[in-house]
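S.K.: Mind looking over this structure? Questions follow.
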Amino acid sequence: MLLKIALPNKGRLSDEVRELFSDAGLEVRARGERALTASLGGEFEAIFVRAQDIPEFVADGAAHAGVTGWDLVSEAGRELEHLMDLEFGRCRLVVAAREESGIVQAGDVRDGMRVASCFPRLTQEYFARRGQRVTVVPVSGAAEIAPHLGIADIVVDLTSTGSTLKMNGLREVATVLESSARLVACGVNVPEARRRLDELKLALGSVLAARGKRYLMANVPKAALTQVREVLPGLNGPTVVDVLDGGNFVAVHAVVPAKTIYRTVNALKGLGCEGILVTRIERLVA
Ligand code: AMP
């Protein structure tokens, strides 16, 4: 049976979704520019739709699972099973006001103010929770210009670096929601479909786990082994291999965090290690 997965057809998330799926061995195959569906190989099929529509597609059963932003899943308010944080498409849904408005925190928003947003539901909920009575003005894009047009006093909009808000003379005053791309599903109860979904989770998860790691190999003086152990953190312990005619050296292999690789390499050099080799890892299954 085919597991249908709804993926964003364009926009910010689509390239990274494709890259992740491709790294996981689920490459989009034979897809014309406008094709709505494509095989991902094996028992997986992609359905390409707008990121905003994915929560509805999945909730209504048109696809077994989907990948889209957590902001869009939350705004849709449909009951979906959250399966995995895919760690890209990170952004925040924030309350922002004109720099000269005097609004510097959410508490400064007064009753009766107008709030423009592409996320009317989340905006309504946010202010209702805080006991603030605002009027939500739903817009379908470019909320950041609403205050300048006199349509609204403040906005609730997505931002990642904050630069678009700043460019539009807006100041971020509160965070409504933190978002990133997520894998979601709905009502996948048939055992075979569930198995496929588990396979998908394992494939994507192993790529994500590998992204922040590097495989490191080095020839280590036997006398420095104890200190080398301390330099290679957070592991079950490095693999130590005898080297044929290696003299006083053994080979050490370890999976290390990518972020601190320069420090690790320097420390190993300082301990007299030689032939240090660092490579990317395609997948990591714990
Ligand atoms: P798109 O349809 O291309 O605008 O996709 C928008 C989705 O990308 C949003 O719903 C978010 O989940 C995600 N995203 C990530 N960073 C940003 C950002 N800085 N601004 C807007 N959307 C972002």
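The values are calculated or read from the model by the stated rules, or taken from the named source; none is laboratory data. Since this is a predicted model, take the numbers as computed values, not measurements. Glycine also receives a Cβ, built like all others from the backbone with ideal geometry; neighbour counts cover every protein chain displayed. Accessible surface areas use protein heavy atoms only, side chains included; no ligands, DNA or RNA. Shrake-Rupley method; radii C 1.70, N 1.55, O 1.52, S 1.80 Å.
S.K.: Select from the stretch 1-46 the residues that are within 16 Å of the ligand (Cβ to nearest atom) and in contact with a helix residue (DSSP H, G or I) (Cβ under 7 Å, 6 or more places away or on another chain) and write down the one among them that is farthest from C91 (Cα to Cα).
M.R.: Taking the candidates together, the pick is A6.
S.K.: Just checking, how many residues over the stretch 17-60 are in contact with a strand residue (DSSP E or B) (Cβ under 7 Å, 6 or more places away or on another chain), part of a helix (DSSP H, G or I) and open to solvent by 10 Å² or more (accessible area, probe 1.4 Å)?
M.R.: 2
S.K.: Could you check how many residues of the stretch 56-92 are of a type outside the set (F, W, Y) and under 14 Å from I5 (Cβ atoms)?
M.R.: 14
S.K.: Sticking with this structure for a sec: Need pairs with beta-carbon distance below 8 Å; first residue open to solvent by 40 Å² or more (accessible area, probe 1.4 Å) and within the stretch 201-226, second in a helix (DSSP H, G or I); sequence gap 6+ or separate chains.
M.R.: So the pair list comes out as R214/I261.
S.K.: Residues that are away from the ligand (no atom under 16 Å from the Cβ) and under 23 Å from the mean Cα position of the chain (by Cα): does the stretch 85-106 have at least one?
M.R.: Among the residues of the stretch 85-106, not one is away from the ligand (no atom under 16 Å from the Cβ) and under 23 Å from the mean Cα position of the chain (by Cα), which makes the answer no.
S.K.: Still on this structure, I have one more. State all residues of the stretch 66-99 that are closer than 20 Å to L149 by Cβ and in a helix (DSSP H, G or I); if no residue qualifies, say none.
M.R.: E99
S.K.: Identify all residues within the stretch 100-125 that are part of a helix (DSSP H, G or I) and surrounded by fewer than 14 Cβ atoms within 10 Å (Cβ to Cβ); write none if there are none.
M.R.: Hits for the stretch 100-125 are E100, G107.
S.K.: Ok, one more. Name every residue in the stretch 159-170 that is of a type in the set (A, V, I, L, M, F, W, C) and either assigned to a strand (DSSP E or B) or open to solvent by 40 Å² or more (accessible area, probe 1.4 Å) (or both), in order of residue number.
M.R.: Hits for the stretch 159-170 are M167, L170.
S.K.: Any residue in the stretch 148-166 that's closer than 8 Å to A96 by Cβ and among the polar types (S, T, N, Q): show its pairings with residues that are more than 9 Å from the ligand (Cβ to nearest atom) and open to solvent by less than 60 Å² (accessible area, probe 1.4 Å) at Cβ separation under 6 Å, as long as the two are six or more apart or on different chains.
M.R.: T159/V94; T159/L165
S.K.: May I ask you to list the residues in the stretch 171-199 that are open to solvent by less than 30 Å² (accessible area, probe 1.4 Å) and modelled with pLDDT under 95?
M.R.: V188, A193 - these are the residues of the stretch 171-199 that are open to solvent by less than 30 Å² (accessible area, probe 1.4 Å) and modelled with pLDDT under 95.
S.K.: Being assigned by TED's automatic domain parsing to the domain that holds L204 and either within 30 Å of K201 (Cα to Cα) or open to solvent by 50 Å² or more (accessible area, probe 1.4 Å) (or both) is true for just one of L83, L149. Which residue is that?
M.R.: It is L83.
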